[in-house]
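Here's the structure, in C-alpha coordinates; my notes come after.
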Amino acid sequence: MPTRKTDPRPGWDEYFMDIAHVVARRSNCSRRSVGAVIMKDNHILSTGYNGTPRRVKNCFEGGCPRCAGKVKSGSHLDECICSHAEQNAICLAAEHGNSIGGGTIYVTISPCLTCAKMIVNAGLAEVVYGGDYAFLDVVGALFREAGVKYRKFAPGAKATASKPKTITKRRKAK
(Lines give C-alpha, C1' and ligand atoms only; values in the text may rest on other atoms or scores of the structure.)
Protein backbone atom coordinates (compact mmCIF):
# COMPACT_ATOMS: atom_id res chain seq x y z
CA MET A 1 0.00 0.00 0.00
CA PRO A 2 1.54 3.36 -1.05
CA THR A 3 2.27 5.92 1.65
CA ARG A 4 0.37 9.17 1.41
CA LYS A 5 2.74 12.14 1.19
CA THR A 6 2.20 15.27 3.20
CA ASP A 7 1.44 18.37 1.15
CA PRO A 8 4.56 20.58 1.50
CA ARG A 9 2.74 23.72 0.38
CA PRO A 10 1.65 26.41 2.83
CA GLY A 11 -2.02 26.46 3.78
CA TRP A 12 -4.22 29.19 2.29
CA ASP A 13 -4.03 31.42 5.38
CA GLU A 14 -0.25 31.25 5.45
CA TYR A 15 -0.07 31.81 1.68
CA PHE A 16 -2.20 34.97 1.71
CA MET A 17 -0.62 36.34 4.90
CA ASP A 18 2.85 35.80 3.42
CA ILE A 19 1.76 37.78 0.36
CA ALA A 20 0.40 40.55 2.63
CA HIS A 21 3.86 40.78 4.25
CA VAL A 22 5.49 41.11 0.82
CA VAL A 23 2.94 43.79 -0.14
CA ALA A 24 3.82 45.65 3.09
CA ARG A 25 7.38 46.01 1.82
CA ARG A 26 6.00 48.50 -0.77
CA SER A 27 4.78 50.80 2.02
CA ASN A 28 6.19 54.29 1.85
CA CYS A 29 5.21 55.20 5.41
CA SER A 30 8.22 56.01 7.57
CA ARG A 31 6.47 54.86 10.77
CA ARG A 32 4.93 51.47 10.00
CA SER A 33 4.73 49.07 7.04
CA VAL A 34 1.35 47.37 6.65
CA GLY A 35 0.07 45.18 3.82
CA ALA A 36 -3.36 43.85 2.87
CA VAL A 37 -4.60 41.23 0.41
CA ILE A 38 -8.25 40.79 -0.55
CA MET A 39 -9.19 37.39 -1.89
CA LYS A 40 -12.27 35.45 -2.83
CA ASP A 41 -12.42 31.75 -3.69
CA ASN A 42 -8.64 31.58 -3.13
CA HIS A 43 -7.96 34.17 -5.87
CA ILE A 44 -6.37 37.55 -5.21
CA LEU A 45 -8.65 40.45 -6.12
CA SER A 46 -6.64 43.37 -4.75
CA THR A 47 -3.67 44.36 -2.61
CA GLY A 48 -2.81 47.51 -0.71
CA TYR A 49 -0.14 49.01 1.49
CA ASN A 50 -0.05 52.11 3.66
CA GLY A 51 1.41 55.42 2.60
CA THR A 52 0.66 58.81 1.13
CA PRO A 53 -2.03 59.19 -1.56
CA ARG A 54 -1.14 58.97 -5.24
CA ARG A 55 0.72 61.92 -6.75
CA VAL A 56 1.73 63.09 -3.26
CA LYS A 57 5.34 63.04 -2.12
CA ASN A 58 6.12 59.75 -0.36
CA CYS A 59 6.06 59.67 3.41
CA PHE A 60 9.75 58.79 3.67
CA GLU A 61 10.48 61.86 1.50
CA GLY A 62 8.63 64.15 3.92
CA GLY A 63 5.20 63.92 2.26
CA CYS A 64 3.39 63.45 5.56
CA PRO A 65 4.26 66.15 8.11
CA ARG A 66 3.06 63.99 11.02
CA CYS A 67 5.21 61.03 10.06
CA ALA A 68 8.18 63.29 9.34
CA GLY A 69 7.87 64.77 12.85
CA LYS A 70 8.62 63.25 16.21
CA VAL A 71 5.10 62.79 17.54
CA LYS A 72 4.32 59.84 19.78
CA SER A 73 2.79 56.79 18.08
CA GLY A 74 -0.99 56.97 18.18
CA SER A 75 -1.14 60.74 18.70
CA HIS A 76 -2.05 63.51 16.22
CA LEU A 77 -3.65 60.94 13.90
CA ASP A 78 -5.85 63.68 12.44
CA GLU A 79 -2.70 65.24 10.97
CA CYS A 80 -1.57 62.09 9.12
CA ILE A 81 -2.25 62.15 5.37
CA CYS A 82 -1.32 58.50 4.81
CA SER A 83 -3.92 55.95 3.68
CA HIS A 84 -4.06 52.56 5.35
CA ALA A 85 -3.39 49.27 3.56
CA GLU A 86 -7.01 48.14 3.87
CA GLN A 87 -8.28 51.45 2.46
CA ASN A 88 -5.91 51.22 -0.50
CA ALA A 89 -6.84 47.60 -1.24
CA ILE A 90 -10.58 48.41 -1.18
CA CYS A 91 -10.11 51.53 -3.35
CA LEU A 92 -7.92 49.68 -5.86
CA ALA A 93 -10.53 46.93 -6.20
CA ALA A 94 -13.21 49.58 -6.84
CA GLU A 95 -11.03 51.39 -9.39
CA HIS A 96 -10.56 48.20 -11.37
CA GLY A 97 -14.16 47.03 -11.03
CA ASN A 98 -13.39 43.99 -8.87
CA SER A 99 -16.33 42.99 -6.70
CA ILE A 100 -14.98 42.11 -3.26
CA GLY A 101 -18.30 41.46 -1.51
CA GLY A 102 -18.14 38.15 0.34
CA GLY A 103 -14.34 38.11 0.17
CA THR A 104 -11.66 37.87 2.85
CA ILE A 105 -9.06 40.50 3.66
CA TYR A 106 -5.69 39.47 5.08
CA VAL A 107 -3.89 42.33 6.81
CA THR A 108 -0.58 42.32 8.66
CA ILE A 109 -2.07 44.16 11.69
CA SER A 110 -5.64 44.39 12.94
CA PRO A 111 -7.70 47.12 11.27
CA CYS A 112 -8.35 50.48 12.90
CA LEU A 113 -11.93 51.61 13.41
CA THR A 114 -12.05 53.61 10.16
CA CYS A 115 -10.77 50.65 8.15
CA ALA A 116 -13.21 48.34 9.96
CA LYS A 117 -16.10 50.56 8.85
CA MET A 118 -14.83 50.42 5.25
CA ILE A 119 -14.49 46.63 5.47
CA VAL A 120 -18.09 46.32 6.68
CA ASN A 121 -19.44 48.70 4.02
CA ALA A 122 -17.43 47.01 1.24
CA GLY A 123 -19.23 43.75 2.06
CA LEU A 124 -16.15 41.77 3.05
CA ALA A 125 -17.12 38.63 4.95
CA GLU A 126 -13.95 37.91 6.91
CA VAL A 127 -10.82 39.56 8.28
CA VAL A 128 -7.64 37.63 9.07
CA TYR A 129 -5.08 39.83 10.80
CA GLY A 130 -1.54 39.54 12.10
CA GLY A 131 -0.54 41.75 15.03
CA ASP A 132 -2.95 43.63 17.29
CA TYR A 133 -3.70 47.34 16.87
CA ALA A 134 -4.92 49.67 19.63
CA PHE A 135 -8.61 49.68 18.64
CA LEU A 136 -9.14 45.91 18.66
CA ASP A 137 -11.98 45.85 21.24
CA VAL A 138 -14.06 48.47 19.41
CA VAL A 139 -13.29 46.90 16.03
CA GLY A 140 -14.22 43.43 17.29
CA ALA A 141 -17.55 44.70 18.59
CA LEU A 142 -18.29 46.36 15.25
CA PHE A 143 -17.42 43.22 13.28
CA ARG A 144 -19.56 41.05 15.57
CA GLU A 145 -22.56 43.33 15.21
CA ALA A 146 -22.12 43.56 11.42
CA GLY A 147 -21.66 39.79 11.03
CA VAL A 148 -18.08 40.01 9.75
CA LYS A 149 -15.95 37.06 10.85
CA TYR A 150 -12.54 37.97 12.20
CA ARG A 151 -9.61 36.07 13.61
CA LYS A 152 -5.97 36.49 14.42
CA PHE A 153 -3.64 34.64 12.08
CA ALA A 154 -1.96 31.66 13.73
CA PRO A 155 0.75 30.06 11.57
CA GLY A 156 0.21 26.33 11.23
CA ALA A 157 -3.15 26.43 13.02
CA LYS A 158 -6.32 25.15 11.45
CA ALA A 159 -8.42 28.07 10.21
CA THR A 160 -11.31 28.79 12.56
CA ALA A 161 -13.26 31.96 12.00
CA SER A 162 -14.87 33.88 14.80
CA LYS A 163 -18.60 33.46 14.99
CA PRO A 164 -20.50 36.63 14.16
CA LYS A 165 -22.94 37.80 16.75
CA THR A 166 -26.53 37.09 15.80
CA ILE A 167 -28.81 40.01 16.43
CA THR A 168 -32.37 39.08 17.22
CA LYS A 169 -35.26 41.44 17.60
CA ARG A 170 -37.62 40.90 20.47
CA ARG A 171 -41.24 40.34 19.67
CA LYS A 172 -43.72 42.64 21.24
CA ALA A 173 -45.89 40.95 23.83
CA LYS A 174 -49.55 40.78 22.86
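The values are calculated or read from the model by the stated rules, or taken from the named source; none is laboratory data. All values reported here derive from a predicted model rather than from experimental measurement. Note that each Cβ is placed from the backbone with ideal geometry, even for glycine, and that neighbours are counted across all protein chains shown. Quick note on the areas: whole protein, heavy atoms, side chains included, nothing else; ligands and nucleic acids left out. Shrake-Rupley method; radii C 1.70, N 1.55, O 1.52, S 1.80 Å.
Listed values, structure above:
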{"quantity": "Qualifying position, being farther than 21 Å from Pro10 by Cβ, part of a helix (DSSP H, G or I) and in contact (Cβ under 8 Å) with a residue 24 or more places away in the chain, among Ile81, Ile100, Ile119", "calculated": "Ile119"}
{"quantity": "Residue check for Gly48: touching a Cys at 6+ places or on another chain (Cβ under 9 Å) and modelled with pLDDT of 90 or more", "calculated": "yes"}
{"quantity": "Residue in segment 58-75 that is buried (at least 17 other Cβ atoms within 10 Å of the Cβ) and either among the β-branched types (Val, Ile, Thr) or in contact (Cβ under 8 Å) with a residue 40 or more places away in the chain (or both) present", "calculated": "no"}
{"quantity": "Residue satisfying all of: in segment 11-32; part of a loop (DSSP other than H, G, I, E, B) and open to solvent by 70 Å² or more (accessible area, probe 1.4 Å); modelled with the lowest pLDDT among these", "calculated": "Arg31"}
{"quantity": "Answer residue from segment 93-148, given it is under 22 Å from Asp78 (Cβ atoms), open to solvent by 10 Å² or more (accessible area, probe 1.4 Å) and of a type in the set (Ser, Thr, Tyr) and is modelled with the highest pLDDT among those", "calculated": "Thr114"}
